[in-house]
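Trainee: I am attaching a structure below and will ask some questions about it afterwards.
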4 protein chains.
Amino acid sequence: MSWNSTMVTVVGHVASEISYKHGEDGKSNAFFRLHSTERRYNTAIGDWEDGETLWLGVTCWRKLADSVKTTLSQGDPVIVQGKLRMRHYEKDDSKRTAFNLDALHVGLDLSRVQSLGSAPVVEPRSGEELVAETAPF
Amino acid sequence: MSWNSTMVTVVGHVASEISYKHGEDGKSNAFFRLHSTERRYNTAIGDWEDGETLWLGVTCWRKLADSVKTTLSQGDPVIVQGKLRMRHYEKDDSKRTAFNLDALHVGLDLSRVQSLGSAPVVEPRSGEELVAETAPF
Amino acid sequence: MSWNSTMVTVVGHVASEISYKHGEDGKSNAFFRLHSTERRYNTAIGDWEDGETLWLGVTCWRKLADSVKTTLSQGDPVIVQGKLRMRHYEKDDSKRTAFNLDALHVGLDLSRVQSLGSAPVVEPRSGEELVAETAPF
Amino acid sequence: MSWNSTMVTVVGHVASEISYKHGEDGKSNAFFRLHSTERRYNTAIGDWEDGETLWLGVTCWRKLADSVKTTLSQGDPVIVQGKLRMRHYEKDDSKRTAFNLDALHVGLDLSRVQSLGSAPVVEPRSGEELVAETAPF
């Protein structure tokens, strides 16, 4: 519910433990570091190579925080959509700035999982309510 | 590996069965319909309400197709990033156009799952290689 | 002011005349067709080539509609950010669907203009109010 | 020509002078600071208010750099699409990180210009080549 927010989708890996706690207001939140490395095609050598790596902190709230804590671990491939934010803090008596994502949606990226032992159990699926709908095209 | 592609991230639900097959080239592909309904804040009544619904076909390839087939079902909440494409076809002797996503990344959206029976088993996790890395901030 | 809208940024060309009118509510709106062609690197031949073309209708409202009518013409390179929407209509007694962008932001794309006779006059610039601000990094 | 790049579209204002120079390779580049402030609807008071501000450095190359230098000034409203990158540097003997956009597309945002003295002259327009094309919908 905002205007001109900078929404970003980042594809990368969970690069830290998931920290999890309850805030003073009782709402749960989870935090992890995300790193994302691009793959570039080098036309000079005719092959792909790693490009730059981007590191971002990711903050999750409420139910998303609970699910992230339960299901994700360091190293997991993820897709994250969130609002890009600056966080100001002090370190060694000097002012610093970090860039974080306030995550709205996080998923284990199915294009990069090695194998899945079983389908995650999602209960209740909301499929029933969709049965009667007809796609309009 | 392209320029000026229209990449889109859509947050919605799987709204059909997952169809899955092997193409003539032996590569697997999966297809499902995705629907996404926005939530709008109506300032006149001071409350949220459903907005418009967007329907898109989603095509997945190779390993992503395999994982999608194994793990997703109709009704599941997903986040999909892909390239927006037009597909031309004929129906009733007239030319039609559909809009599809060529999916690059698909995840079960952890912000909207009701409950997860257990963490999906992702093997091998790539966490080991990350242990020695230090986040640069 | 909505949740789960599908926001898209498209880079392309104005591919029609700009139509402009006042709605029944007195608000101005403008409409044009946008086409966007991706450039792909073909590793087999080691060169770039045109990929697929995407066509979308673009609707602009109020002040954006006025500015678009004044400044843009068919063929101009643009960058458009808007909400992806489905529009349903009938043609030849059958139901059709078109995909449009409800544009929030439109700019003449400076990376693709051939030459600019002069800087557009933007009055008043809002620069004065920014002078006293110090970037926090 | 890369994979998994983090492409971002930011809507904001030019918040510094445009610096412009030729690199050692003879290619021109331009740099400016961009700030973007979100507008939030506060349901408690039933009105809009300013949210957080995001500051990013923006680097432009070659023709885009030339056009940006010619046409933009501090305070201008812009829409920028680019690749989000981390830049590492030292300051006061400590390591710092800044976040920049490697801009691919920059436009003066027509939704926020106050008035335009005249249409920018774009020569030659590429409209001629489009006349014969028929939109496929």
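The values are calculated or read from the model by the stated rules, or taken from the named source; none is laboratory data. Being a predicted model, the structure only gives us computed values, none of them experimental. Here the Cβ is made from the backbone with ideal geometry for all residues, glycine too, and neighbour counts use every protein chain on show. Surface accessibility is based on the protein's heavy atoms, side chains included, excluding ligands, DNA and RNA. Shrake-Rupley method; radii C 1.70, N 1.55, O 1.52, S 1.80 Å.
Trainee: With every protein chain in place, what's the accessible area of A:H22 (1.4 Å probe, Å², nearest 10)?
Mentor: A:H22 exposes around 120 Å² with every protein chain in place.
Trainee: Could you tell me the accessible area of D:K91 in Å² (1.4 Å probe, neighbours in place), rounded to the nearest ten?
Mentor: Here the residue's solvent-accessible area equals roughly 90 Å².
Trainee: Here is a follow-up. So which residue of B has the beta-carbon closest to the axis that swings B onto A, and how many whole Å away?
Mentor: B:G107, 1
Trainee: Ignoring ligands, DNA and RNA, how do C:R87, B:R96 rank by accessible area with a 1.4 Å probe, largest first?
Mentor: C:R87, B:R96
Trainee: For B:K69, what is the net charge nearby, where nearby means another residue's Cβ is under 13 Å from its Cβ and Lys, Arg count +1, Asp, Glu -1?
Mentor: Charge balance in the 13 Å sphere: 0.
Trainee: Taking 18 Å as the cut-off for C-alpha to C-alpha distance, list the pairs among A:K27/A:K69; A:K95/D:K21; A:K63/B:K63 that go past it.
Mentor: A:K95/D:K21; A:K63/B:K63
Trainee: How crowded by other chains is D:83-93, given as the mean number of beta carbons from other chains within 10 Å of each beta carbon?
Mentor: What the average comes to for D:83-93 is 3.
Trainee: Using a label point 7 angstrom from Cα along Cα-to-C-beta, what distances in nm, from shortest up, separate D:I45 from the other copies?
Mentor: 2.6, 5.6, 6.0
Trainee: Let me ask something additional. Per-residue Cβ counts within 10 Å, from other chains only, averaged over B:48-58: what number is that?
Mentor: 4
Trainee: Hey, another quick one. Once Lys and Arg get +1 and Asp and Glu get -1 on their Cβ, which of D:V10, D:F31, D:W55 lies farthest toward the positive end of the dipole of segment D:1-69?
Mentor: After comparing all options, I get D:F31.
Trainee: Leaving out ligands, DNA and RNA but keeping every protein chain, what accessible area does B:M7 have, in Å² rounded to the nearest 10, with a 1.4 Å probe?
Mentor: That residue has around 80 Å² of solvent-accessible surface.
Trainee: By the scheme Lys and Arg +1, Asp and Glu -1, what is the net charge of all other residues having a beta-carbon under 12 Å from that of B:R85?
Mentor: -1
Trainee: Using a/c under 1.5 as the rounded threshold, could you call segment A:1-125 rounded, prolate or oblate? The axes a ≥ b ≥ c are square roots of the C-alpha gyration tensor eigenvalues, and prolate needs a/b larger than b/c, oblate otherwise.
Mentor: Oblate.
Trainee: Would you kindly work out, in nm and rounded to one decimal, the distances from the label point of C:E90 to those of the same position in each other copy, ordered shortest first, with label points 7 Å along Cα-to-Cβ?
Mentor: 2.5, 7.0, 7.4
Trainee: For B:S36, A:S2, A:S19, write out the residues from largest to smallest accessible area, computed with a 1.4 angstrom probe and no ligands counted.
Mentor: Putting B:S36, A:S2, A:S19 in descending order of accessible area: A:S19, A:S2, B:S36.
Trainee: Could I ask something else about it? What are the label-to-label distances in nm, one decimal and shortest first, from A:E17 to the same spot in the other copies, with labels 7 Å along Cα to Cβ?
Mentor: 4.6, 5.0, 6.8
Trainee: Here's a follow-up. Excluding A:F99 itself, calculate the net charge of residues whose Cβ lies under 10 Å from the Cβ of A:F99, where each Lys or Arg counts +1 and each Asp or Glu counts -1.
Mentor: +2
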